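Trainee: Take this structure first; my questions come after.
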Amino acid sequence: MESENKKSAVSDVGAWAMNVISSVGIIMANKQLMSSRGYAFSFATTLTGFHFAVTALVGLVSNATGLSVSKHVPMWELLWFSVVANVSITGMNLSLMLNSVGFYQISKLSMIPVVCIMEWIIHSKQYSKEIKLSVLVVVIGVGVCTVTDVKVNAKGFICACLAVLSTSLQQITIGSLQKKYSIGSFELLSRTAPIQALSLLILGPFIDYYLNGKFITHYKISSGAILFIILSCSLAVFCNVSQYLCIGRFSATSFQVLGHMKTICVLTLGWLLFDSELTFKNMMGMVIAVVGMVVYSWAVEAEKSSNAKTVPHTKNSLTEEEIRLLKEGVESMPLKDLELSVSKG
């Protein structure tokens, strides 16, 4: 039992580490690809379509070679999930374009309480005082790190609300679908990725045109840009797989809370690699956020331990006792009686 727990813990850490490394890596690659000082590839929605196309291709190859098994999920649920996920991507891009960076960061931070409320409404999930407090500390810490100027307008506010609601619902739905259909993270991703890829590659160029006034067909491609697009797509496969893995293993709330570790990593790497400014305010916010994450991890483990203690073990022990008595009864039963009982059944 202990060895199984250790293996599970190692798997959890591995899934989370893969998500953090791939997410931070893709942000750094996209920064070089999309910034004016890099390759100025400002077509974020279409790039996301490329990401899902490569992910779908990997899933197709995996299913064809027998490395994974394609399980049945009703098409309407796949379409519903894909619509929610695409609204999330488009909403985030529009929110970033229409709002100030400060308000955009606030909208991202609001996902934690929104996910908590949604899980409470949909799954009747309850949270302890310690978890609520630790979530508040994380939100304050990341807010101190990232929020600067906060300017709000009607269109931007609507897009931000749409992005937050759809992203929160998407992350909850990932976990729900995995449990409902007993489907693995990669199997689910391989079913949803083709639909998302097709829709984003069709609609993406028009959304990007609305965002930056340029069509992707007018972009002058270079070998360096192609290299970074390939790198971005490769990292996206790991990022997408690890996101499904993490939500399947933890919860949407845990994924959001621990996800802010990526924000801290991005700020630190931006300072190290891109000469971004790192102020005392940023560092203080990072420390507060990390403290909140540590407290959150402790609170979750404490809640698991208390639940394990309060759950009665009588059913398991009774079942074991019944099995033992049944075995003893069968072993002590004369052979004739046993044959008669079988024939009567």
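The values are calculated or read from the model by the stated rules, or taken from the named source; none is laboratory data. Keep in mind the model is a prediction, meaning the values are calculated, not measured. We place every Cβ from the backbone using ideal geometry, glycine too, and count neighbours over all the protein chains shown. Ligands, DNA and RNA are excluded from the accessible area calculation, which covers all protein heavy atoms including side chains. Shrake-Rupley method; radii C 1.70, N 1.55, O 1.52, S 1.80 Å.
Trainee: Quick one: would you say Val142 is among the β-branched types (Val, Ile, Thr), over 23 Å from Cys233 (Cβ atoms), assigned to a helix (DSSP H, G or I) and at pLDDT below 80?
Mentor: yes
Trainee: Cβ-Cβ distance below 6 Å, separation of 6 or more or different chains: which pairs start in the range 48-63 with a residue that is closer than 15 Å to Pro205 by Cβ and open to solvent by 40 Å² or more (accessible area, probe 1.4 Å) and end on one that is of a type outside the set (Phe, Trp, Tyr) and in a helix (DSSP H, G or I)?
Mentor: Close Cβ pairs (under 6 Å, with a partner that is of a type outside the set (Phe, Trp, Tyr) and in a helix (DSSP H, G or I)) amount to Phe50/Cys233.
Trainee: All but one of (1) touching a Phe, Trp or Tyr at 6+ places or on another chain (Cβ under 9 Å); (2) part of a helix (DSSP H, G or I); (3) surrounded by 15 or more Cβ atoms within 10 Å (Cβ to Cβ) hold for Ser68; state the number of the condition that does not hold.
Mentor: (2)
Trainee: Let me ask something additional. Can you tell me which residues in the range 119-131 are in a helix (DSSP H, G or I), free of Cβ contacts under 8 Å to residues at least 60 places away in the same chain and either under 19 Å from the mean Cα position of the chain (by Cα) or closer than 20 Å to Leu165 by Cα (or both)?
Mentor: Selection gives Trp120, Ile121, Ile122, His123.
Trainee: Look at Lys179 and say whether it is of a type in the set (D, E, K, R) and within 30 Å of His218 (Cα to Cα).
Mentor: The answer is no for Lys179.
Trainee: Kindly establish whether Ile230 is among the aliphatic types (A, V, I, L, M), free of Cβ contacts under 8 Å to residues at least 60 places away in the same chain and either closer than 22 Å to Thr46 by Cα or in contact with a His (Cβ under 8 Å, 6 or more places away or on another chain) (or both).
Mentor: Spelling it out, Ile230 is indeed among the aliphatic types (A, V, I, L, M), free of Cβ contacts under 8 Å to residues at least 60 places away in the same chain and either closer than 22 Å to Thr46 by Cα or in contact with a His (Cβ under 8 Å, 6 or more places away or on another chain) (or both).
Trainee: Within the range 204-222, can you find the residues that are open to solvent by less than 100 Å² (accessible area, probe 1.4 Å) and assigned to a helix (DSSP H, G or I)?
Mentor: Correct list: Gly204, Pro205, Ile207, Asp208, Leu211, Asn212, Ile216.
Trainee: Take the residues of the range 85-105 that are assigned to a helix (DSSP H, G or I) and surrounded by fewer than 19 Cβ atoms within 10 Å (Cβ to Cβ): which is nearest to the chain's Cα centre (by Cα)?
Mentor: The extreme case among them is Val87.
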